[in-house]
Amino acid sequence: MAGSRNPDRVLLAGASGATGQELLSVLRPTDLDVRATTRSYANVDTLERHGADEVMVADFFESADAVAAVEDCDIVCCALGTPPSYRHVTGGKLVDRTGVINLVTAAVAEGVSHFVLESAIGVGNSKAGMPLPARLVVRGSLSAKHDAEVSLRRSGVQYTIIRPGKLTNDPPSDDILVGEGGDSVSGSIPRADVARIMAAAPFTPDARNRTFEVVSRDGLSGTPTNLVDVDWADDRLTAAYERHQH
Ligand SMILES: NC(=O)c1ccc[n+]([C@@H]2O[C@H](COP(=O)([O-])OP(=O)(O)OC[C@H]3O[C@@H](n4cnc5c(N)ncnc54)[C@H](OP(=O)(O)O)[C@@H]3O)[C@@H](O)[C@H]2O)c1
């Protein structure tokens, strides 16, 4: 059972992906122990070089892989997503549903203390935040993500669901607008900003069991509503970083 170790062990599911790599950069200098996952042996060396303490090759369509990945972890940070595929439109078997639900089930059994899920603006009650043409193109994955969100909310595991707008590879803006309730913000956000709040969420009392829509101020489109103030526990990450430096 997880929970009594120090430092905390984080499962970074989808570490080889674009948000996953940003998360690895944020987590690397901290005292958190990071278990990174990819489906490809070819990514193992790179992930180790980028600071993963441990790399596991796992396919989350397999529930046994999810169980093995979550073993002894206190926190799950999930940045999984479907590579370009017609399934974004048609739906069906998508890691955004099946893989995430396998991870949630494994997290319940392991007694994980916090699960952070990267979802998307456009899912569920945040539908209006994604323009209709875009929504049609990814309707299969939006529906899969909706099922995954519902499963996490019902799991009993403490969670934070982060729904970013369109993701960019720009440097972090450090100026994030956070909305709640679905009909809130729309626009884009650098993955680096998303990674920062995903890493801080487990240490942020304000973020417990909440679902947020996030964009950067620069990336905002339209008029924001339902903005909320979240006191992200950046100090938890910074303090660890400073300890690491000295
Ligand atoms: N693109 C956007 O504008 C946008 C906007 C909002 C939200 N999002 C969502 O944000 C999330 C992150 O997106 P991203 O573009 O940063 O990520 P990405 O580069 O697409 O990375 C996806 C990750 O998922 C892993 N993965 C895929 N299938 C898997 C499976 N069956 N088992 C295990 N791992 C699997 C990949 O690992 P390997 O390939 O190494 O195995 C990779 O690490 C996604 O859920 C995406 O839908 C995207």
Within region 155-189, how many residues turn out to be closer than 14 Å to residue 124 by Cβ, outside any loop (DSSP other than H, G, I, E, B) and over 15 Å from the mean Cα position of the chain (by Cα)? 2
Working carefully through the options 136, 152, find the one that is in a helix (DSSP H, G or I), under 23 Å from residue 84 (Cβ atoms) and away from the ligand (no atom under 12 Å from the Cβ). 136
Within region 19-70, take every residue that is hydrophobic (A, V, I, L, M, F, W, C) and in a loop (DSSP other than H, G, I, E, B) and give me the one that is farthest from the ligand (Cβ to nearest atom). 32
Regarding residue 82, is this residue within 9 Å of the ligand (Cβ to nearest atom), in contact (Cβ under 8 Å) with a residue 12 or more places away in the chain and under 17 Å from residue 201 (Cβ atoms)? no
Residue in region 107-123 that is farthest from residue 17 (Cα to Cα), counting only those that are away from the ligand (no atom under 13 Å from the Cβ) and surrounded by 18 or more Cβ atoms within 10 Å (Cβ to Cβ): 110
Which residue pairs have Cβ atoms under 6 Å apart, sit 6 or more places apart or on different chains, and have a first residue in region 27-47 that is over 18 Å from residue 65 (Cα atoms) and at pLDDT 95 or above and a second that is assigned to a helix (DSSP H, G or I) and of a type outside the set (Asp, Glu)? 27/199
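The values are calculated or read from the model by the stated rules, or taken from the named source; none is laboratory data. From a predicted model like this one, the values you see are computed outputs, not experimental measurements. Cβ coordinates were reconstructed from backbone atoms using ideal geometry, including for glycine residues, and neighbour counts include every protein chain displayed.
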